[in-house]
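**Student:** First, the structure itself, so that you have it in front of you.
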Amino acid sequence: MKKVFLPMLCVCFFSAASVHAQSILDQPKKTAGTVQNPLANYGGVASSILSKLTPALGLTAAQQPKVTDLVTGFLKQKAGIMPLQQRNPAAYASKFSGLQGGLFSRLKLLLTAAQYTKFLGLKPKTNDAANVLSQLFY
């Protein structure tokens, strides 16, 4: 009995230890995936964008939900093409250009001429991760 029990106990112990060690090794991969895709929470990003756009553009109560819908839809679509940014930059640039053009044309119809001009003036000089508005322009 002891000859069977002791080896089984050792196998169970080493199996559990190796599973735990593997989960520790997988942890950086999980966190790296969330860092690479800043649009994983596009609803939160859209809220942050609107919190900057509303006072800067003086959005009315009627404009705010429409702009929110446009920005959220744009961010969802952008999240769908983000894998192309690393694999095929030319395809990403082409698709992003089309998405951005659609967003900007809809915003141009929704905003006044002065608001739209102010919106274009909010474009960051570079793709700055600290500036949430970069998500709309880059």
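The values are calculated or read from the model by the stated rules, or taken from the named source; none is laboratory data. The structure displayed is predicted, hence computed values, not measured ones. Cβ: placed from backbone, ideal geometry, glycine included. Neighbour counts: every protein chain shown. With ligands, DNA and RNA removed, areas are computed over all heavy atoms of the protein, side chains included. Shrake-Rupley method; radii C 1.70, N 1.55, O 1.52, S 1.80 Å.
**Student:** How do the pairs read when you match residues in region 67-78 that are touching a residue at least 60 places away in the same chain (Cβ under 8 Å) with residues anywhere that are open to solvent by 30 Å² or more (accessible area, probe 1.4 Å) and aromatic (Phe, Trp, Tyr), using Cβ under 7 Å and keeping only pairs 6 or more apart or on different chains?
**Tutor:** Within 7 Å, the pairs are 75/42.
**Student:** When residues of region 113-127 are filtered for being open to solvent by 70 Å² or more (accessible area, probe 1.4 Å) and either in contact with a Pro (Cβ under 7 Å, 6 or more places away or on another chain) or free of Cβ contacts under 8 Å to residues at least 40 places away in the same chain (or both), how many remain?
**Tutor:** Selection size over region 113-127: 7.
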